[in-house]
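Have a look at the structure below, then the notes.
The values are calculated or read from the model by the stated rules, or taken from the named source; none is laboratory data. Since this is a predicted model, take the numbers as computed values, not measurements. Cβ coordinates were reconstructed from backbone atoms using ideal geometry, including for glycine residues, and neighbour counts include every protein chain displayed. The accessibility values were calculated without ligands, DNA or RNA, using every heavy atom of the protein model including side chains. Shrake-Rupley method; radii C 1.70, N 1.55, O 1.52, S 1.80 Å.
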Amino acid sequence: MSEEEIRNLERRGPELVYMAVADDIARRISSGELGPGDRLPGELQMTETYGIARMTASRAVRELRERGLVQTVRGKGTFVI
């Protein structure tokens with residue numbers, strides 16, 4: 001799902017927005033667009049890019065951590081593993 005498709009998701013529908021964002025970033029990692037050691041955009045940048053709330057961005061990053069795709073270093077950011 002692209003950034004534009006995520007922006008246009010029906011927020012009251014069954015699709016979980018944070019999962020759509022996490023899936024998009026995971027796709028970017030698997031395609032090589034984001035490689036090991038690359039820093040993910042910050043939560044504020046994600047809110048602008050995807051048109052989502054900061055809590056949604058935070059939950060998407062947590063989902064990526066749970067999948068083992070990224071690691072968050074406090075005070076530095078979130079990086080692709």
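General observations
- Complete set of residues in the stretch 39-59 that are closer than 14 Å to V80 by Cα and either surrounded by 15 or more Cβ atoms within 10 Å (Cβ to Cβ) or of a type in the set (V, I, T) (or both): L40, P41
- Meets criteria (surrounded by 15 or more Cβ atoms within 10 Å (Cβ to Cβ) and without any contact (Cβ under 8 Å) to a residue 24 or more places away in the chain) for E63: no
- Number of positions in the stretch 12-40 that are assigned to a loop (DSSP other than H, G, I, E, B), closer than 16 Å to R62 by Cβ and free of Cβ contacts under 8 Å to residues at least 24 places away in the same chain: 1
- Residues located in the stretch 41-81, provided they are outside any helix (DSSP H, G or I) and of a type in the set (A, V, I, L, M, F, W, C): I52, A53, L69, V70, V73, F79, V80, I81
- Whichever residue in the stretch 18-33 is open to solvent by 20 Å² or more (accessible area, probe 1.4 Å) and not small (G, A, S) and, among such residues, is nearest to V73 (Cα to Cα): I29
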